[in-house]
Every structure is written in C-alpha cells, then in structure tokens.
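First the structure, in the form of structure tokens, and then the observations on it.
The values are calculated or read from the model by the stated rules, or taken from the named source; none is laboratory data. Everything quoted here is computed from the prediction, not taken from an experiment. For neighbour counting, all protein chains shown are included, and Cβ atoms are generated from backbone atoms with ideal geometry for every residue, glycine included.
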Amino acid sequence: MRGWTLPSGKVQISFSGGRTSAYMLHQILAVNGDFDPERVQVVFSNTGREMPATLDFVQQCGERWGVHIVWVEYRNHVDPRQRFEIVSHNSASRNGEPFEAIIRTKGYLPNQQTRFCTAELKLRPAKEYLLSLNWDNWRAAIGIRADEPRRINRKPLRERWQRWYPLVDAQITRHEVVDFWRGQSFDLGLEVVNGNSALGNCDGCFLKSEAHQAMLARDFPERHAWWEEMERLAGSLTSNPNGARFQKAYTKADLRDFVERQGDWIFDKENDALCQADGGECMI
Ligand code: SF4
C-alpha cells in the first residue's frame, strides 16, 4: 500500500512518543504484519524530560499493538559505541538524567543554533543500539506528515541510514491522525493546544513557542525548575553567557518571573513576543 510498505533492507521506526509517530507505527504494522526483529526495529529515545503521560503512551502502544519497542537513553561513556543504554518503562529516566549528562559532557547548553541535544540524546543512542545489532545500513521511518513540507528533507545523508517518510508518501495530514485517535480506546494523555501537544517531546524544549514554555512554568513549576537548574549548572561550566541559556531572548528564570507577575496571561501564539512558534517537534 502506498506509503506504508516497508522498503527493502533493514528499517528503523523512530517512535517519538507522539500521536503522529504512533499512528505511523500502527499503519506500518497494519500493512506489513508482525515485524521480524532481524529487519525491523522500533526505537524510542528517552531524554529524561518526557512527561509521564508520554512514557505511559509508548508503553501502551507496545502492549496494545503487540510490538516490541526498544527504549534507549544516552549514557556518557569513553567508548562511543557504549553511549547508550537500553531501559524500560520501569527503569526509564524521569528527571532529565540523560539530558543533564550531555550538558555536563559538553559544558554548555543546546540552543536554537547549536541543537546538539537531538543528535546526542535521540539520534545517537538509537544509532549505537542498531550498530550493536551489527546493522550496517538502514532506512529510518520519520513521523513527519504531508502537511509539514518545510520539515521534509530528501537530500541523501552521509550516514549509515537514510530517511523514509511514510506519512508523506501516504499523503497523511493532521486530520487523518486526529481522526485515527478519536477512534481508539486509548490516547496520549497530553492536552492539545493550538493543534500541538504543548507538553510533547522534552517538556520545556527551547524550540517550543514562548506560550508553551510559559505554560510549563505555570502549570508544572517543579518541571520548569529543572530547566532553570540546567541554566545555573551551565553557568558554572562555561564562561560564555550564551552557553548558559537555552534562548537568547530570555532565560528560564525570566520566563518564570514573567509568568508569576502575569497570572492571568492567556497563552496563545499571538502572545509570543520572543520566540518563533513551532510545534516543538524534535526530529531528524
Ligand atoms: S525536544 Fe527539544 S530539548 Fe528535547 S532533544 Fe529535542 S530539541 Fe532538544
């Protein structure tokens, strides 16, 4: 079937823990049947800053659909081949431990210009895991939809893997994904704001709109506090002020201060003063 048939060779299915990539996994399963683990691996990279609902959702998708999802996390290790660990729903990091480890290793924070967190926390652990299975080359199914054309990049990668966009090839837009989840008996337990799961991916991701980051500070101050703590940590590791903040325009402490002073602020795209609006998706 157009878009969903597995390409030849080995295939990684990148499961981000969001509704779109879960839908992608479901459709590939529906068309191709049970996966042969020699040929197909479903991988979820946990940064440690996913909301508990996301971790529960990943677990449920695996259990309900009878598919083995491998959970991997970044680990700091002298041997690059060992910079990952396989974890489970039970043992997965829940307080940003892998994220903090890469910040300590780098000595500064990721930001919109130097977004090393995606590469080190998501891509690399998955890649090292597949290399540990003696995979040489593979295709990676990426959960980007047909209505997100600016995120599609078909240029060949100078990598062991190449991208596969099954949702684009199948002409799937947000509507089909929303309809699919309306018909399911379970769902990702995260609120949708302005068409996006404001708390999907890393909870306080600096790619998210200012409104979504402010929502975290207001509704989950204890989770926002971790991001402030990382800015303090980076400040002790680097003398470059830009390396100690996730965003040029404001620090996480500035954002909290603003939220505390504007208790009735309505968080929407129009109120973004400092940050580009984005779904906060963290993708290849
Ligand atoms: S979701 Fe954001 S903070 Fe998390 S790894 Fe991706 S870009 Fe980095």
Just checking, how many residues over region 200-222 are within 15 Å of the ligand (Cβ to nearest atom), touching a helix residue (DSSP H, G or I) at 6+ places or on another chain (Cβ under 6 Å) and charged (D, E, K, R)? 1
Residues that are assigned to a helix (DSSP H, G or I), over 15 Å from the mean Cα position of the chain (by Cα) and modelled with pLDDT of 95 or more: does region 137-145 have at least one? no
Give just the number: which of (1) crowded, with 20+ Cβ neighbours inside 10 Å; (2) within 12 Å of the ligand (Cβ to nearest atom) does GLU128 not satisfy? (2)
Which strands (runs of 3 or more DSSP E) sit wholly inside region 31-135 and have at least 1 residues that are within 17 Å of the chain's Cα centre (by Cα), of a type in the set (A, V, I, L, M, F, W, C) and within 26 Å of LEU167 (Cα to Cα)? 40-45, 69-74
In region 146-173, what count of residues is obtained for those that are assigned to a loop (DSSP other than H, G, I, E, B) and among the charged types (D, E, K, R)? 7
Any idea which of GLY279, GLY263 is farther than 18 Å from GLY107 by Cβ and either at pLDDT 60 or above or touching a Cys at 6+ places or on another chain (Cβ under 7 Å) (or both)? GLY263
Among the residues of region 89-118, count how many are surrounded by fewer than 17 Cβ atoms within 10 Å (Cβ to Cβ), more than 10 Å from the ligand (Cβ to nearest atom) and in contact (Cβ under 8 Å) with a residue 12 or more places away in the chain. 7
Cβ pairs under 6 Å, 6+ apart, first in region 205-224 and within 11 Å of GLN247 (Cα to Cα), second modelled with pLDDT of 95 or more and crowded, with 17+ Cβ neighbours inside 10 Å: PHE206/PHE246
